[in-house]
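> Here it is: the structure, laid out below.
The values are calculated or read from the model by the stated rules, or taken from the named source; none is laboratory data. This is a predicted model, so every value here is computed, not measured. Because the Cβ atoms are built from the backbone with ideal geometry, glycine has one as well, and the counts that use them run over all protein chains shown.
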Amino acid sequence: MTSPQTLLITGVSSGFGRALAEEALAAGHRVVGTVRGEPARIAFEALSPGAAIGRLLDVTDFDAIDGVVADIEANVGPIDVLVNNAGYGHEGVMEESPLSEMRRQFDVNVFGAVAMMKAVLPFMRQRRRGHILNITSMGGHITMPGITYYCGSKFALEGISEALGKEVQPLGIAVTAVAPGSFRTDWAGRSMTRTPRAIADYDAIFDPIRKAREEKSGHQLGDPRKAARAMLAAIKADEPPAHLLLGSDALGLVQSKLAALQEELTRWETVTKSTDG
C-alpha cells in the first residue's frame, strides 16, 4: 500500500488507539479518530492540526455509524484503513456476572466493530482496496478463569475477522486480527468493568488471578508504541497477515494452547473418526 494513508481509528483517547494514532501521524498519515466527548476531540486534533481529525462517536450508537463514515468519505477523503480499537475488558466469574454485562461487552467489542466494518466496506469495495484491522486479544485465542465474557467477545471478533477476510480478499481488501498480549494500557485499570464477587466456591481459582492482574497493571511487558509500529508494518505490507500476535507472552501462550489442542485431538482421534459412516 502507498503512503500517506487515511486511517479511521475508533477510540483514540488512550491505549492502543492513541499510540497508533500518534505513530501514524508521525509517519505522515492522516488520522480520523473517534472519541466520545468534545474535550477529547479538541485534544486529539491538537496533536497535529489538519492531519488529526476528531469525530464524536460511540460505537454502540449503531444508527449513527453509517452517517459518520459517509461524512468522513465526503468531507475528509477515502478511508484507506479502518482500525477497530474501541473496546474494554470485563472481569467476572460467569455464574456471578449478569447477562446485561455480557450484552454490553458484545455490543462494544463485537457489534460495534461489525457495524464499523459494514459502514466502510461499500466504499472500500467500490475502490477495490482497503485494509481493516480489528484489535482482538490473546484472549481471542486462549482463555483463563474470570474473563469469560471478554474472551467470548474476542473469540467472536477473531472468527468474524478471519471469515470476512476470505470474503473480501478477492475484492482487494485485507482484514487483519491483531491480538495483543499484556501491554501497558488501561485495559486492566480504569478501562475494565468488574463484577462484584459473591460465590465463595470460586475464590480459590479466581482471587489469585485478580490479584496478579491488579499488581501487574501498569508494569506489563508490552510497549503500546512498539505495538503501534507493528500495526503500521502490517498496514504497509503487500501481503498482510490474517492474524498478528503482539508480544512474546501472547506468542508463548498461544503456542502452548495449540500444542495442547493438538495433543487432545490426537488422544481422541479414534473417537472422533468413529462417527463416520
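> Taking the residues in region 36-89 that are at pLDDT 95 or above and touching an Asp or Glu at 6+ places or on another chain (Cβ under 6 Å) as candidates, determine which candidate is farthest from GLY17 (Cα to Cα).
THR60
> Within region 140-196, take every residue that is in contact with an Asp or Glu (Cβ under 6 Å, 6 or more places away or on another chain) and over 14 Å from HIS90 (Cα atoms) and give me the one that is modelled with the highest pLDDT.
Ranking the qualifying residues of region 140-196, first place goes to ALA177.
> Then there is this: Any residue in region 11-37 that is within 20 Å of MET116 (Cα to Cα) and outside any loop (DSSP other than H, G, I, E, B) sitting within a Cβ distance under 7 Å of a residue that is among the hydroxyl-bearing types (Ser, Thr, Tyr) and at pLDDT 95 or above? List the pairs, counting only those 6 or more apart or interchain.
As it stands, the answer is GLY17/THR10; ARG30/THR6; VAL32/THR6; THR34/THR10, since those pairs meet every condition given.
> Those residues that are surrounded by fewer than 10 Cβ atoms within 10 Å (Cβ to Cβ) and hydrophobic (A, V, I, L, M, F, W, C), I need them from region 260-271; list them, please.
Matches in region 260-271: VAL271 only.
> While we're on this one: Having 1 or more residues that are in contact (Cβ under 8 Å) with a residue 40 or more places away in the chain and of a type in the set (Gly, Ala, Ser) is the bar; report the helices (runs of 4 or more DSSP H) wholly within region 190-277 that clear it.
On the way: elements: 203-216, 224-236, 248-267, 269-273.
Helices (runs of 4 or more DSSP H) meeting the threshold: 224-236, 248-267.
> Give the residue, chosen from VAL93, VAL59, VAL68, VAL83, that is in contact with a Lys or Arg (Cβ under 6 Å, 6 or more places away or on another chain), of a type in the set (A, V, I, L, M, F, W, C) and surrounded by 16 or more Cβ atoms within 10 Å (Cβ to Cβ).
VAL68
> Out of all the residues in region 157-216, which are acidic (Asp, Glu) and within 23 Å of GLY140 (Cβ to Cβ)? Give the derivation first.
Let us first name the residues in region 157-216 that are acidic (Asp, Glu), namely 158, 162, 167, 186, 201, 203, 207, 214-215.
Residues satisfying the conditions are GLU158, GLU162, GLU167, ASP186, GLU214.
> Could you list, in sequence order, the residues of region 226-245 that are over 19 Å from ALA26 (Cβ atoms) and under 17 Å from the mean Cα position of the chain (by Cα)?
PRO240, PRO241, ALA242, HIS243, LEU244, LEU245
> Say whether the condition of being among the polar types (S, T, N, Q), in contact (Cβ under 8 Å) with a residue 24 or more places away in the chain and under 30 Å from ASP238 (Cα atoms) is met by at least one residue in region 90-113. Don't jump to the end; show me each part of the working.
Start the filter on region 90-113 by keeping residues that are among the polar types (S, T, N, Q), which leaves 97, 100, 105, 109.
Right, trim to in contact (Cβ under 8 Å) with a residue 24 or more places away in the chain and you get 97, 105, 109.
Filter once more, keeping what is under 30 Å from ASP238 (Cα atoms): 109.
Yes, region 90-113 contains a residue that is among the polar types (S, T, N, Q), in contact (Cβ under 8 Å) with a residue 24 or more places away in the chain and under 30 Å from ASP238 (Cα atoms).
> Restricting to region 208-243, and then to whatever is closer than 12 Å to THR176 by Cα and in contact with a helix residue (DSSP H, G or I) (Cβ under 9 Å, 6 or more places away or on another chain), can you tell me which residue is surrounded by the most Cβ atoms within 10 Å (Cβ to Cβ)?
Within region 208-243, the match that is surrounded by the most Cβ atoms within 10 Å (Cβ to Cβ) is MET231.
> Residues that are under 30 Å from GLY28 (Cβ atoms) and either modelled with pLDDT of 95 or more or over 17 Å from the mean Cα position of the chain (by Cα) (or both): does region 197-219 have at least one? Give the derivation first.
Quick first cut of region 197-219, residues under 30 Å from GLY28 (Cβ atoms) only: none.
No, there is no match, as no residue in region 197-219 is under 30 Å from GLY28 (Cβ atoms) and either modelled with pLDDT of 95 or more or over 17 Å from the mean Cα position of the chain (by Cα) (or both).
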